[in-house]
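Engineer: Can you read through this structure? Questions will come right after.
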């Protein structure tokens, strides 16, 4: 008899989500983490896009995870000549004011506290957490995976092993489920973390990310579009700087990553806004790096590798689900973790954990609009061709389509599909979405994370007119969604097929509407800027209870 | 904590990681790819073979293992709780 129902290998972003769900279903669940403490071996996170939160695990969406700063947009610098300062800017991706920064397109986060917060929630749900434990091999019973062997020689039996090990995937290779990825699809992220006062981050960056793109000979970016020269994430009182490069370029060459030092030096000394505005106010806290799989989704053979076997399911990066564009695997890790847990629970209840039952996991992954979008986009991959040919028009377009407003020509359909799917499943999720953004902003502004809403110390909020209006609006909305749950769900389901037209419509509309939209944003700034400040003031001074998830949801 | 903490600020090492990266010198053809991708200078070429010089600064990224297409590098995780740790990833 198995000691456990489920063993989850890895307590990064995805592992705790799967483990928590299994434990909540009454399954005996253990989570193994190779680090001494959860999150100490994870380098990722950065901006976790909003869709990860709103479509992801309820305990995160309706909870209070530790975030470093809401992100409201990206400024892209296209560096044509760093010597002469010939730099173009694409800053079209931004949440419009007055919604920004309370409404964010993502949340910047350090991995360690975030993963630990998730793991704590899993432990509260009954998960047994074993840190300092490596799963070095799988146990087999009649050919099927039946548990793991730890580095201490312990043999832990389980009905299902959920592998959340990350891109290296050593356990899945040992289990014979997948093979080692080729270096062409692996990128090494070289990450610098700088301390900076909150006032300086607020003043210089606000809530906006800054990315740089350039030609090879500028030595501001790793060559041939296999990486970015500079991506800067503003955190609460620090900056996260990342450059990354694939371990093998198209010509078959393995690049010298020692050149990272040159790229870093060139761009930080050559970019006036960095050397003049940022450099005097920062202090290097750490430099750290890790490999991550970036283009697995674009290779048919690699994408087709199994993500499950008899008694085993792979999630997140271990299943090749890292985004090919945004270098962000967190949403897909969360989505796949929930699906894996659902399927594992069903399999264990049905007494059938064979691959033929667990293939439901693969079917749901293939039917997930956001996962499939995120492992299919090619703008980042194709940058190499623009750089190779010094094709500025192509570079502009790829940057715009990947990290500018043009991205809506590819994400709108999967996004709307997920919105309607979620509402048709449970209309009350609408009010959770509306509450999440101000709650996250409030938590960020007051540094209130970690505990369940009921356990947090609450200042007495200011009962302004806005406060009362918001509370009344949410009460009405909750009542409406409760009373008209069925027709709302039916309406959402009815709308779903129409979402397939959204991307083509955006492809047609965006180039025509974008100049007017951006001009209007600029023109309206004298009105929207003060309104944005008023919204921030309302959210940060309110009694946070009005932003908590409605009863019956979340923690 | 190893002396590498001075070289890499903000990172700590827990001793006892052992030889978690090994090179099969029979398979190694001294292509030096592992040297090119290792930011911690863990490798050296000696007698026409790559050798592990020191794993003291290794951040367990596995880049050496990924680029070794001859399969000469055996990469495993260090024992639980050993090796590097960071709060700022």
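The values are calculated or read from the model by the stated rules, or taken from the named source; none is laboratory data. It should be emphasised that the depicted structure is a prediction, and the values quoted were computed from it without experimental measurement. All Cβ positions, even for glycine, are placed from backbone atoms using ideal geometry, and neighbour counts span all protein chains on display.
Engineer: Which one of these is surrounded by fewer than 24 Cβ atoms within 10 Å (Cβ to Cβ), more than 13 Å from the chain's Cα centre (by Cα) and in the same structural domain as residue A:345 (by TED's automatic domain parsing): A:120, A:90?
Structural biologist: The conditions single out A:120.
Engineer: For the range A:147-240, which strands (runs of 3 or more DSSP E) that fit wholly inside it have 3 or more residues that are more than 13 Å from every other protein chain (Cβ to nearest Cβ) and in contact (Cβ under 8 Å) with a residue 24 or more places away in the chain?
Structural biologist: Answer list for the range A:147-240: A:155-163, A:208-214, A:230-234.
Engineer: Can we say residue A:401 is more than 19 Å from the chain's Cα centre (by Cα) and assigned to a helix (DSSP H, G or I)?
Structural biologist: On the way: more than 19 Å from the chain's Cα centre (by Cα): no; assigned to a helix (DSSP H, G or I): yes.
So residue A:401 does not fit the description; no.
Engineer: Scan (1) within 14 Å of chain A (Cβ to nearest Cβ); (2) modelled with pLDDT of 95 or more; (3) within 30 Å of residue B:89 (Cα to Cα) for the single condition residue B:51 breaks and write down its number.
Structural biologist: In the conditions (1) within 14 Å of chain A (Cβ to nearest Cβ); (2) modelled with pLDDT of 95 or more; (3) within 30 Å of residue B:89 (Cα to Cα), residue B:51 misses (1) alone.
Engineer: Return yes when residue B:43 is facing chain A (nearest Cβ under 9 Å) and more than 29 Å from residue A:66 (Cβ to Cβ) and no when it is not.
Structural biologist: no
Engineer: While we're here: So residue B:84 ticks every box in (1) within 9 Å of the chain's Cα centre (by Cα); (2) closer than 18 Å to residue A:134 by Cβ but one. Which box is left unticked?
Structural biologist: Residue B:84 satisfies every listed condition except (1).
Engineer: In the set A:316, A:311, which member is on the phi > 0 side of the Ramachandran plot, touching a helix residue (DSSP H, G or I) at 6+ places or on another chain (Cβ under 6 Å) and surrounded by 22 or more Cβ atoms within 10 Å (Cβ to Cβ)?
Structural biologist: Selected residue: A:316, the only one of A:316, A:311 that is on the phi > 0 side of the Ramachandran plot, touching a helix residue (DSSP H, G or I) at 6+ places or on another chain (Cβ under 6 Å) and surrounded by 22 or more Cβ atoms within 10 Å (Cβ to Cβ).
Engineer: Further, regarding this structure: Is it the case that the range A:420-434 has a residue that's buried (at least 19 other Cβ atoms within 10 Å of the Cβ), more than 30 Å from residue A:471 (Cα to Cα) and modelled with pLDDT of 95 or more?
Structural biologist: Taking every residue of the range A:420-434 in turn, none turns out to be buried (at least 19 other Cβ atoms within 10 Å of the Cβ), more than 30 Å from residue A:471 (Cα to Cα) and modelled with pLDDT of 95 or more.
Engineer: Go through (1) modelled with pLDDT under 90; (2) surrounded by 22 or more Cβ atoms within 10 Å (Cβ to Cβ); (3) outside any helix (DSSP H, G or I) one by one and return the number of the condition residue A:249 breaks.
Structural biologist: With respect to (1) modelled with pLDDT under 90; (2) surrounded by 22 or more Cβ atoms within 10 Å (Cβ to Cβ); (3) outside any helix (DSSP H, G or I), residue A:249 is out only on (2).
Engineer: OK, next. Looking for whichever is in contact with a strand residue (DSSP E or B) (Cβ under 6 Å, 6 or more places away or on another chain), more than 14 Å from chain B (Cβ to nearest Cβ) and not in a helix (DSSP H, G or I) here; the options are A:313, A:348, A:267, A:288. Which one fits?
Structural biologist: On inspection, the qualifying residue turns out to be A:313.
Engineer: Take the range B:70-89 and flag every residue that is touching a residue at least 12 places away in the same chain (Cβ under 8 Å), in a loop (DSSP other than H, G, I, E, B) and either under 20 Å from residue B:7 (Cβ atoms) or in contact with a helix residue (DSSP H, G or I) (Cβ under 8 Å, 6 or more places away or on another chain) (or both).
Structural biologist: Scanning the range B:70-89 gives B:76, B:77, B:78, B:82, B:87, B:88.
Engineer: For residue B:89, are the conditions met, namely being within 7 Å of chain A (Cβ to nearest Cβ), under 25 Å from residue A:115 (Cβ atoms) and at pLDDT 95 or above?
Structural biologist: Judged against the criteria, residue B:89 is not a match.
Engineer: Another one. Can we say residue A:278 is at pLDDT 90 or above, buried (at least 16 other Cβ atoms within 10 Å of the Cβ) and at the interface with another protein chain (Cβ under 10 Å from one of its Cβ atoms)?
Structural biologist: In short, no.
Engineer: What's the total number of residues in the range B:24-40 that are within 14 Å of chain A (Cβ to nearest Cβ) and part of a loop (DSSP other than H, G, I, E, B)?
Structural biologist: 7
Engineer: How many residues are more than 10 Å from chain B (Cβ to nearest Cβ) and either surrounded by fewer than 24 Cβ atoms within 10 Å (Cβ to Cβ) or not in a helix (DSSP H, G or I) (or both) when one looks only at the range A:15-45?
Structural biologist: Residues that pass the stated criteria total 9.
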